[in-house]
Each structure stands twice: as structure tokens, then as C-alpha cells.
1. Within region 256-310, take every residue that is of a type in the set (Phe, Trp, Tyr) and touching a residue at least 40 places away in the same chain (Cβ under 8 Å) and give me the one that is farthest from Leu54 (Cα to Cα).
2. Do you know which residues across region 257-301 are of a type in the set (D, E, K, R) and either surrounded by fewer than 16 Cβ atoms within 10 Å (Cβ to Cβ) or in contact with a strand residue (DSSP E or B) (Cβ under 9 Å, 6 or more places away or on another chain) (or both)?
3. Could you tell me whether Ser119 is under 24 Å from Ala163 (Cβ atoms) and over 13 Å from the mean Cα position of the chain (by Cα)?
4. Return the pairs, sorted by first residue and then second, in which the second residue is in a helix (DSSP H, G or I) and among the basic types (Lys, Arg), the first residue lies in region 225-252 and is at pLDDT 85 or above, the beta carbons are less than 8 Å apart, and the residues are 6+ apart or on different chains.
5. From the residues in region 177-206 that are hydrophobic (A, V, I, L, M, F, W, C) and surrounded by fewer than 13 Cβ atoms within 10 Å (Cβ to Cβ), which one is modelled with the highest pLDDT?
6. Step by step: first the residues of region 65-94, then only those that are crowded, with 18+ Cβ neighbours inside 10 Å and charged (D, E, K, R), then the one that is farthest from Leu154 (Cα to Cα). Which residue is that?
7. Specify which of the listed residues (Leu275, Leu291) is within 18 Å of Gln212 (Cβ to Cβ), of a type in the set (A, V, I, L, M, F, W, C) and not in a helix (DSSP H, G or I).
8. Scan region 152-174 and report the pairs whose first residue is closer than 30 Å to Thr68 by Cα and in contact (Cβ under 8 Å) with a residue 12 or more places away in the chain and whose second residue is assigned to a helix (DSSP H, G or I) and aromatic (Phe, Trp, Tyr), with Cβ atoms within less than 8 Å and a gap of 6+ or a chain change.
Amino acid sequence: MVKMESTESWTAYNYTGLDDEEEGLCNLDPNPMEVTIQTYIHGIICAFGLIGNLLVIITYVFYKRTKTMTDVYLYNVAVADLIFVVALPFIIYNEQHSWLMGLAVCKMLRSAYSINLYSGMLLLACISGDRYFAIVQARRFFAARSRTLIYSRLICSGLWVIAVTLTVPTLIYTERYEEHNLWSVSVTVTCQMTFRTSEKAKLMKVLVPSLQMAVGFLLPLVVMVFCYSSIVYTLLRAQSTKRHKAVRVVLAVVVVFIVCQLPYNVVLLFHTLSLFKERDCEEEQFRLRVLAISRSIAYLHCCLNPILYAFIGVKFRNHFWQIMFDLWCLSKKYIYSARSSRATTEICISGSKPSEGSNHLSSFTA
């Protein structure tokens, strides 16, 4: 049985730079300090990602409703990111401990990241495309806006089907892998992609990362760069203070996407290209360390999406404050006496008028 990832401890591979008595053995386990730091970072990402994306979903379900194509896309992005942040603690546990849960949960958790990667990145590309038509091709966009919700739901359904289809190899080949430690009698069980033959392992070790880089990074990057560069050009020609603020928001969206996703995909590319070459042990340890760091930076994108795409809009922020106001009212209702509750309810009713008014560029303005 061949493992998908080279994160195993003391495994025989083609490594050089070792002593004669340890030839072919390389300890690729991260040191305890790195594990502790990584756990804290992932915990913060999980907490903020959970809160931010839940607030986006609550806002769309109970307050804002989905009225435009961008609303539909943002709701689906929040769902995709929420799936990932819920699975992230279990993924972290799998990397640091022996896997105790069954095979079905193992497959679901390993597939969660892949589904989030494909669906989330493709949805971000769709958002950039929608903003392109709304700003650069404004006349055509508003002429057909009566059909946009139907189109956006069909597009989102298609993207989820694509994401699940591209995740099929991960779902099929993920298994509970029993690793016998060479220096003790203990057995470590991990949840990861494993293969029965080396030929299939070589194919999947190249195919899966290649799909992730092509569909989950390069394609969305090309679409976003084209759309947002056209948007910036159009906004700069407008000579408006408000639209200059929108330009800064557009640049922030692109810069954050590149900063979060580019390092991981570059490192993943070099790691994939070196899989079937003879590698120095220290070099491989360093490469895996950099891969882990860049992967954590890529995870960060799931808790930045609500800020960049939702809460930066004026109308969305108003709905967010309405949520906070309603939660405050509920807390007052259960803390104070019946008389105080009636007074609080009157205040809540009088103060619960959502503000309206914003144009199609509101998601670009602070």
C-alpha cells in the first residue's frame, strides 16, 4: 500500500544525506513547538471563520435575503467556508494523533477541504465576473437583471457539482492507514489517500495537486485579474471619490487572494515536481515545513472572505448591526423582569428599522 503524502515518520524513501546505519530513513515529523504554534493558528482561523461565515449565512437567511447574483454567490461562499472550518479541527487532530473515527468520517473530512477549495475559489471567480458585468457592462447587466437570480442559482448548482466531481478521487482513495513505528511496537492510524499500486500512486500524486492548482487557483486568478483590472480601469475613469474608495477595495480583494493562495500553490508545485526524485533529507524536512506554513496562510482566506466580500458593503453592515441589536434585545428580555422586558421590547421595535439605499457598487464601498 502506497501513501499519498510524504508526511510519515521514518519511512523508507529515496533520501540522501543520511548516516550509513540510517540509510533510507528520514524523520519527517514536525517538532513539538511547530505543532503547538500551528494548532493555535488553526484554532484562531477556525474560530473567526466560524463566526464570520455564520453571521453571513444568518444575515442572508433572516435579514437581507438573496436579491442579486452576488448575494447568491456570497451565500454559497459562506456555506463552502463553513464546511471547511467545521472540518478543520478534525483535520488538525488527524495530523497530530492516531485516527480513532471510522472510515466514513475519514473520507468525509478529507473531502471537505477539496470541496471547499474548488467551490470557494470558483465562486470567488463568479463574484468577480458578476461585478465586471455590473460595472463594466452595466447596460447589458441591468437589461437582463430579471433573470440573474435564476442564472446564479443554476451556476452555483453547477459549481457544486464540479467541486464534488473533482473531489471523487480523494473520496475513493482516502482510507485509514496503519503505520507501524520502527522504534516501538505501537501502531499509528492516519486518515489519508492510499493506493494499492505504485503506478496508481504516481498518477494520483500528480493529478490531484495539478487539479487543485489549475482549477482551484490558476483559473480563478486569471478570471479575477481580468475582471478586476477592467473594473479598476472603469472606476478610475469615473473621477468620483466614492469610486476611488471602491478601487482600493478591489485591490484589497486581489492582493489578499494572491497573498493567501500564491505561496501555497507555488510550494505545492515544487513539492509535486520533486516527489519522484531523490531528495536530501534536510531539504525534504524544510520543504514540508514551508508547505505547512503556506497551507496555514491559505486556510486564512476562509475567515477573510466575509470581511472582503460581505461586511465591507454598507447595506450588509447595516444588517449586521441589526443582528447585534436583536441579540441585545433577546439578552435583555431574559435578564430583566417582565416590566423591563416590555420596555426593552418597545425600544427594540422602534430601533429595528433597517436602512435602505445603496447602488450596485455598495459591496465595494466602506
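The values are calculated or read from the model by the stated rules, or taken from the named source; none is laboratory data. Remember, it's a predicted structure, so these values are computed and weren't measured experimentally. We place every Cβ from the backbone using ideal geometry, glycine too, and count neighbours over all the protein chains shown.
1. Of region 256-310, the ones of a type in the set (Phe, Trp, Tyr) are 257, 264, 270, 276, 286, 299, 309.
So of that shortlist, the ones also touching a residue at least 40 places away in the same chain (Cβ under 8 Å) come out as 257, 276, 299, 309.
Working: Phe257: 21, Phe276: 42, Tyr299: 17, Tyr309: 14 Å.
The selected residue is Phe276.
2. First, the residues of region 257-301 that are of a type in the set (D, E, K, R): 277-280, 282-284, 287, 289, 295.
Of everything in region 257-301, those that are of a type in the set (D, E, K, R) and either surrounded by fewer than 16 Cβ atoms within 10 Å (Cβ to Cβ) or in contact with a strand residue (DSSP E or B) (Cβ under 9 Å, 6 or more places away or on another chain) (or both) turn out to be Lys277, Glu278, Arg279, Asp280, Glu282, Glu283, Glu284, Arg287, Arg289.
3. Working: under 24 Å from Ala163 (Cβ atoms): yes; over 13 Å from the mean Cα position of the chain (by Cα): no.
Answer is no for this residue.
4. Between residues of region 225-252 that are at pLDDT 85 or above and residues that are in a helix (DSSP H, G or I) and among the basic types (Lys, Arg), the close pairs are Cys227/Arg131; Tyr228/Arg131; Ile231/Arg131.
5. Val187
6. Only one residue fits best here, namely Asp81.
7. Being within 18 Å of Gln212 (Cβ to Cβ), of a type in the set (A, V, I, L, M, F, W, C) and not in a helix (DSSP H, G or I) holds for just one of Leu275, Leu291, which is Leu275.
8. Ser152/Tyr73; Cys156/Tyr73; Leu159/Tyr118; Ile162/Tyr118; Ala163/Tyr118; Leu166/Tyr118; Thr167/Tyr118
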